[in-house]
1. Could you check segment A:90-125 and list, in sequence order, the residues that are aromatic (Phe, Trp, Tyr) and either part of a loop (DSSP other than H, G, I, E, B) or outside the structural domain of A:Ala60 (by TED's automatic domain parsing) (or both)?
2. Scan segment B:110-121 and give yes if some residue there is modelled with pLDDT of 95 or more, part of a helix (DSSP H, G or I) and not charged (D, E, K, R), otherwise no.
3. Would you pick out the residues in segment A:264-293 that are more than 17 Å from A:Ala227 (Cβ to Cβ) and touching a Leu at 6+ places or on another chain (Cβ under 7 Å)?
4. Look through A:Leu367, A:Leu319 and report the one residue that is of a type in the set (A, V, I, L, M) and part of a helix (DSSP H, G or I).
5. Only one of (1) at the interface with another protein chain (Cβ under 10 Å from one of its Cβ atoms); (2) buried (at least 20 other Cβ atoms within 10 Å of the Cβ); (3) not β-branched (Val, Ile, Thr) is not met by A:Tyr327, so which one is it?
6. If you scan segment A:358-381, which residues turn out to be more than 8 Å from chain B (Cβ to nearest Cβ) and under 18 Å from A:Leu165 (Cα atoms)?
7. Among the residues of segment B:12-38, what is the count of those that are assigned to a helix (DSSP H, G or I) and over 22 Å from B:Val113 (Cβ atoms)?
8. If only one of A:Thr310, A:Thr329 is farther than 26 Å from A:Thr150 by Cα and assigned by TED's automatic domain parsing to the domain that holds A:Tyr171, which one is it?
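The values are calculated or read from the model by the stated rules, or taken from the named source; none is laboratory data. All of these numbers come straight from a predicted model, not from anything done at the bench. All Cβ positions, glycine included, derive from the backbone under ideal geometry; neighbour counts span all protein chains shown.
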Amino acid sequence: MDASTETVAGGETGGGTWKFPANKPLRLESGATLSPLEVAYKTYGRLNEAKTNAVLICHALTGDQHAGSVNPVTGRPGWWDSVIGPGLPLDPERYFIIATNVVGGCMGSTGPASTNPKTGQPYGLAFPVITIADMVRAQAMLIEALGIDTLFAVVGGSMGGMQVLQWAADYPQKLFSAVCVAAAPRHSAQNIAFHEVGRQAIMADPDWRGGAYESQGVRPEKGLAVARMAAHITYLSEPALQRKFGRELQRDGLSWGFDADFQVESYLRHQGTSFVDRFDANSYLYITRALDYFDLAAQHGGVLAQAFQTARAVRFCVLSFSSDWLYPTAESRDIVRALNAAGCRASFAEIETDKGHDAFFLDEPQLDATLRGFFASTAQARGL
Amino acid sequence: MSARREDFAEILRLVRPGARVLDVGCEDGELLELLTREKQVDGQGLEISPAGVAACLAKGLAVVQGDGDRDLDHFPTRAFDYAILSKTLQQMREPRHVLSELLRIADQAIVSVPNFGHWRMRVSLMARGRMPETRALPDPWWSTPNIHLCTLRDFTDLCRELDLRVDACAALSGGKSARPIQPDGLLENWRSETALFLLSRRPEARPEATPQNLFGEVELPKPDAPAPVRRRRTKA
């Protein structure tokens with residue numbers, strides 16, 4: 001098999017980039033194919049002999065495979081280091097944890113910044129439009145390549161939660177359990193609207209160059225930063241923003257101009273500028289599009305429960321946050337009702353927090369307790 | 001953990017091993033855990049309070065945070081063998097709808113209701129002229145969650161109206177062991193503090209099967225489903 005893996009020093013951490021041969025292209029929902037396909041991934045812990053302890057982590061819009069260890073690009077801790085790690089709900093001592101970078105991403109998996117084999121140049125807008133189902137199919141290919149038949153759990157928040165639902169719909173026989181945090185079964189008009197603002201900001205940047213900025217040696221940093229600023233507001237709740245910043249000023253007195261007078265402005269600007277250092281603008285366009293196209297019910301005759309008809313053996317845990325207005329609790333309830341209607345074994349809890357959508361990254365005691373309880377009992381049922 | 005509630009022992013006795021059980025208003029999952037351990041049931045809880053849901057999840061129970069008044073509608077028909085509603089029917093906004101839903105979702109419902117016809121209630125109301133506050137219903141009228149109280153007789157009337165069959169009934173009073181009763185018995189509406197019913201939907205063609213022996217034990221064999229074995233207990 002044409003594969004390259006590397007094992008990082010430290011024993012329990014591994015990963016690399018899986019390069020699928022040309023005869024194993026990714027067949028996309030749009031009808032197009034993507035080849036060659038590369039999937040970047042990280043692993044934590046060891047696969048047990050029976051291969052029953054594998055957990056797949058699915059990341060959110062701007063996440064990556066560095067879920068449980070320091071991100072080499074930013075130097076910051078893994079994005080889910082509150083959940084993955086020794087003594088945490090997903091302990092590498094017990095589980096073999098796999099985190100991938102989604103197809104269309106910019107952290108090593110094939111995406112719009114990858115080289116188009118037809119031109120020898122970065123794909124840019126020649127990259128095919130991808131969907132959540134395509135991301136999941138690429139993950140399934142990796143899981144199979146790693147010799148894993150059944151995942152103990154597939155876990156994800158936000159867009160990761162949508163991948164979890166897609167996994168349950170497309171590969172129920174490969175799942176023992178599924179954990180979907182702060183997600184929705186479809187993108188609402190408001191979700192699409194916010195994404196459109198972000199995309200328009202990127203495309204309005206003169207340095208975007210019709211998507212061909214990479215080969216022209218520029219980057220649409222301003223547009224991407226604005227996209228991130230707009231999106232970031234949707235990840236926080238109004239009370240959290242108010243508590244954190246209120247009307248506090250950066251300096252004494254107003255500037256009587258358009259500098260970042262307010263702390264919240266300065267914070268958002270920082271979010272924007274630090275984001276462009278680690279993310280590709282075209283990836284942002286493609287991944288937001290994949291989210292907008294996501295409608296699990298529509299793939300199943302308009303009936304969400306139909307999506308889960310074959311997933312009755314999967315143990316589901318659906319979690320939402322009370323102050324999340326991006327994917328509000330009502331959306332998670334729709335998922336749970338569909339699971340109930342399909343006769344699936346499902347747990348659901350709404351976690352009380354005022355931290356908004358981003359609460360799933362944060363140290364939330366109730367999230368921690370819930371995940372611990374669910375994984376502990378599910379592991380027992382799996383004989384782990 | 002709270003003291004085992006008096007109706008739990010009786011519910012535990014009624015439920016068939018390995019059955020699929022929905023516990024509506026499962027609180028911290030004590031009953032479901034008991035049923036899982038003792039009867040190996042495939043259990044699912046429905047609970048409104050976040051603390052209750054968290055406690056259930058920590059016990060490894062499948063639980064959905066939701067409202068018995070609203071969320072039963074979303075469960076498929078005959079998804080469970082038993083739907084349990086322990087002492088909360090009188091707290092529902094629409095008890096009639098809830099009862100009907102329980103017996104759509106499950107083949108049998110186990111429902112316990114405090115009897116407002118109990119002599120303590122009657123005496124309290126007669127003597128004091130005030131809303132009774134008893135050990136079964138301890139809250140003052142202005143803070144009670146019990147908004148739809150009924151007597152035993154009211155409850156059996158509703159069962160008849162909904163075409164439900166009483167497969168078993170037991171009276172529970174203050175920690176004593178359950179006493180099998182004939183719910184339409186004249187005295188039972190005076191002396192039963194709480195009644196626990198095992199109900200099923202009456203098949204259309206079935207002839208009148210309401211127990212006739214007024215003071216005897218309910219003897220209703222179920223031809224189409226393995227009935228829980230009921231044995232006369234020695235009086236405590």
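1. The answer is A:Tyr95, A:Tyr123.
2. Scanning segment B:110-121, I find no residue that is modelled with pLDDT of 95 or more, part of a helix (DSSP H, G or I) and not charged (D, E, K, R), so the answer is no.
3. Selection gives A:Val264 alone.
4. A:Leu367
5. (1)
6. Once the filter is applied, which keeps residues that are more than 8 Å from chain B (Cβ to nearest Cβ) and under 18 Å from A:Leu165 (Cα atoms), segment A:358-381 yields A:Phe360, A:Leu371, A:Phe375.
7. 4
8. A:Thr329
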